[in-house]
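The values are calculated or read from the model by the stated rules, or taken from the named source; none is laboratory data. Predicted, not measured: the structure shown is a model, and the values here were computed from it. Glycine gets a Cβ as well: all are built from the backbone with ideal geometry, and neighbour counts include every protein chain shown.
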Amino acid sequence: MKTKEQLIEEAKKPAQDAMRLHPFYKGKIEVDLKCSVRDFKDFAVWYSPGVAEPCKAIAADKSLVYEYTNKANFVAVVSDGSRVLGLGDIGPEASMPVMEGKALLFKFLGGVDAFPLCLDTKDPDEIISIVKALQPTFGGINLEDISNPKCFYILERLRKECHIPVWHDDQQGTATVTVAGLINALRYVKKDISDVKIAMVGAGAANICIANLIIFAGADPGKMFICDSKGILHKDRAEELKESFKEKYDLAMKTNAEVRKGTVEDAMRGADVVIALSEPGPDAIKKEWVRGMAKDPICFLCANPIPEMWPWDAKEAGAVIVATGRSDFPNQVNNSVCFPGIFRGVLDVQASTITDEMCITAAYTIADLGMEGGLDPDNLLPTMANVEVFIQQAVNVGMKAIELGIARNPMSKEELRAKAEEAIYRSRNITQMLMDGGFIAEPPIE
């Protein structure tokens, strides 16, 4: 068994490798062709003069843009760099490695052509205007690493005013995969979501959306205790939040039926579950707080890059299940398991939005796949290596959009599966071919 010191050293390695390999590749994505160029005569087809004919067809019927261009597979990854990972407001240039990474995951895992758009503005209305102006080019928008509370305002406005789906991964993606993990954690300890007490540490964009989606999934809001930097949300605090933070106000009014007051320790006392997305640790959550939880406690410790406490410390304190946001620890609660598959399905049926019903559909798809090999405390969810998790989400989310009447391009379940498989395997096969051919260089040896 590895010592704590060895585990901590291993936890540092991804950051060390990132600093070595990012300058080697000078970015993670590029633009490649998808049409044939047999000789220079083909340019007359793909560009002038031939290209004028599809242009005229689209001018007569705008919906043909989905048939004659790559719009149906384009997603913009939009950020102002105001809340990047656990690093805070580091600016649009510093957010580029994350947005490129997001585009890489979109492509490899979902077969989606995504492009980073890091904006040199932090004004929410300007961001809204820019995104709305991008709609002719993109089939969907992924908002990323935008600070709260403006991220709520931006997402709400764009969902109402855009005719393409707009998704904030830090809200909806994190909520979807967290609900998936919670479903299976509760299955393992044999507790019902409607009965459990849930403490939530942090009241930022992620945890607010998680709280609302958990309630949508059947949790009792009266048994939820949500902590921000000033303590537990409760009705007596509602007035102070009413003008400054609508989303917190709404949760203060409907959660914490006993009007429990105090700190994180008080919120966790007697709780069956703690879901933390707050300040990076370790030791932001104490062992004694975990010991004060109910029987068979479940701990989701998801701060990045360091969880609120090390998983081994939580286990020592009695946690039956521990999840984090890191790929180098068991039970990674990772948005990357959901957003590529969700967008694959949404793009294929040309859905106009992404609803809570679609998020719950994705969460149960992920959870059910996680159960296929049998649940155990260190394997709650399927990993990114499981291609089926993306294909099945694409199918189920696409079918849910059709059922809800928000799909412009309805198709059968079999057609959706074939389309998802084609896009996802094509992307993976091309990447492998480029590596095999030396067009993507092998990383240098340390």
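Among the numbered conditions (1) closer than 15 Å to Asn331 by Cα; (2) hydrophobic (A, V, I, L, M, F, W, C); (3) in a helix (DSSP H, G or I), tell me where Ala385 comes up short.
Against the list (1) closer than 15 Å to Asn331 by Cα; (2) hydrophobic (A, V, I, L, M, F, W, C); (3) in a helix (DSSP H, G or I), Ala385 comes up short only on (3).
Among (1) modelled with pLDDT of 95 or more; (2) not assigned by TED's automatic domain parsing to the domain that holds Ser278; (3) not β-branched (Val, Ile, Thr); (4) not in a strand (DSSP E or B), there is one condition Arg187 misses while meeting the rest; what is its number?
Unmet condition: (2).
Go through (1) more than 22 Å from Val346 (Cβ to Cβ); (2) part of a helix (DSSP H, G or I); (3) among the β-branched types (Val, Ile, Thr) for Val179 and report which single condition fails.
Val179 satisfies every listed condition except (1).
Please list, ordered by first then second residue, the pairs with beta carbon atoms under 9 Å, 6 or more apart or interchain, first in segment 270-292 and at positive phi, second surrounded by fewer than 17 Cβ atoms within 10 Å (Cβ to Cβ) and hydrophobic (A, V, I, L, M, F, W, C).
Pairs that qualify, where the first residue is at positive phi and the partner is surrounded by fewer than 17 Cβ atoms within 10 Å (Cβ to Cβ) and hydrophobic (A, V, I, L, M, F, W, C), are Gly270/Ala294.
How many of the residues in segment 104-129 are buried (at least 18 other Cβ atoms within 10 Å of the Cβ), farther than 23 Å from Asn148 by Cα and aliphatic (A, V, I, L, M)?
Result for segment 104-129: 4.
Being surrounded by 13 or more Cβ atoms within 10 Å (Cβ to Cβ), assigned to a helix (DSSP H, G or I) and not basic (Lys, Arg) is the filter here; which residues of segment 130-140 pass it? Walk me through how you get there before you give the answer.
Quick first cut of segment 130-140, residues surrounded by 13 or more Cβ atoms within 10 Å (Cβ to Cβ) only: 130-132, 134-135, 137-140.
Next, only the ones that are assigned to a helix (DSSP H, G or I) stay: 130-132.
Hits for segment 130-140 are Ile130, Val131.
Could you list, in sequence order, the residues of segment 371-382 that are closer than 18 Å to Thr178 by Cα, among the acidic types (Asp, Glu) and in a loop (DSSP other than H, G, I, E, B)?
Asp378
So, of the residues in segment 294-314 that are part of a loop (DSSP other than H, G, I, E, B) and without any contact (Cβ under 8 Å) to a residue 40 or more places away in the chain, which turns out to be nearest to Lys4 (Cα to Cα)?
In this case the residue turns out to be Met309.
Anything in segment 334-360 that is within 18 Å of the chain's Cα centre (by Cα), more than 19 Å from Val77 (Cβ to Cβ) and surrounded by fewer than 24 Cβ atoms within 10 Å (Cβ to Cβ)? List them, or say none.
Answer for segment 334-360, where residues must be within 18 Å of the chain's Cα centre (by Cα), more than 19 Å from Val77 (Cβ to Cβ) and surrounded by fewer than 24 Cβ atoms within 10 Å (Cβ to Cβ): Thr355, Asp356, Glu357, Ile360.
Which members of segment 58-85 meet the condition of being over 15 Å from the mean Cα position of the chain (by Cα), touching a residue at least 24 places away in the same chain (Cβ under 8 Å) and assigned to a loop (DSSP other than H, G, I, E, B)?
Looking only at segment 58-85, we keep the residues that are over 15 Å from the mean Cα position of the chain (by Cα), and these are 58-74, 80-82.
Subset that is touching a residue at least 24 places away in the same chain (Cβ under 8 Å): 63, 65-66, 70-74, 80-82.
If the condition is that a residue be over 15 Å from the mean Cα position of the chain (by Cα), touching a residue at least 24 places away in the same chain (Cβ under 8 Å) and assigned to a loop (DSSP other than H, G, I, E, B), then Asn70, Asp80, Gly81, Ser82 are the ones that fit.
Tell me, yes or no, whether segment 67-87 has at least one residue that is loosely packed, with under 14 Cβ neighbours inside 10 Å and charged (D, E, K, R).
yes
From the list Ile210, Ile215, Ile193, which one is crowded, with 24+ Cβ neighbours inside 10 Å, among the β-branched types (Val, Ile, Thr) and assigned by TED's automatic domain parsing to the domain that holds Val264? Can you show your working first?
Values: Ile215 fails: crowded, with 24+ Cβ neighbours inside 10 Å; Ile193 fails: crowded, with 24+ Cβ neighbours inside 10 Å.
Step by step, each of Ile210, Ile215, Ile193 is checked, and only Ile210 is crowded, with 24+ Cβ neighbours inside 10 Å, among the β-branched types (Val, Ile, Thr) and assigned by TED's automatic domain parsing to the domain that holds Val264.
Which one of Val84, Val78, Val131, Val112 is at pLDDT below 95 and in contact with a helix residue (DSSP H, G or I) (Cβ under 8 Å, 6 or more places away or on another chain)?
Working: Val78 fails: at pLDDT below 95; Val131 fails: at pLDDT below 95; Val112 fails: at pLDDT below 95.
Every option except Val84 fails the conditions.
Does any residue of segment 319-328 turn out to be in the same structural domain as Tyr188 (by TED's automatic domain parsing), at pLDDT 95 or above, part of a loop (DSSP other than H, G, I, E, B) and in contact with an Asp or Glu (Cβ under 6 Å, 6 or more places away or on another chain)?
yes
Can you name the condition, by its number, that Glu415 falls short on among (1) part of a helix (DSSP H, G or I); (2) closer than 29 Å to Asp328 by Cα?
(2)
Please find, within segment 13-31, the residue that is surrounded by the most Cβ atoms within 10 Å (Cβ to Cβ) out of those that are within 23 Å of the chain's Cα centre (by Cα) and of a type in the set (D, E, K, R). Even if it seems obvious, please write down each step before you answer.
From segment 13-31, those within 23 Å of the chain's Cα centre (by Cα) are 14-15, 18, 22, 27-30; that's our starting set.
Keeping just the survivors that are of a type in the set (D, E, K, R) gives 28, 30.
Values: Lys28: 18, Glu30: 8.
Among them, the one singled out is Lys28.
Do we have any residue at all in segment 278-288 that's buried (at least 23 other Cβ atoms within 10 Å of the Cβ), assigned to a strand (DSSP E or B) and among the β-branched types (Val, Ile, Thr)? Outline the logic, then answer.
Let us first name the residues in segment 278-288 that are buried (at least 23 other Cβ atoms within 10 Å of the Cβ), namely 278, 285.
Right, trim to assigned to a strand (DSSP E or B) and you get none.
No: segment 278-288 contains no residue that is buried (at least 23 other Cβ atoms within 10 Å of the Cβ), assigned to a strand (DSSP E or B) and among the β-branched types (Val, Ile, Thr).
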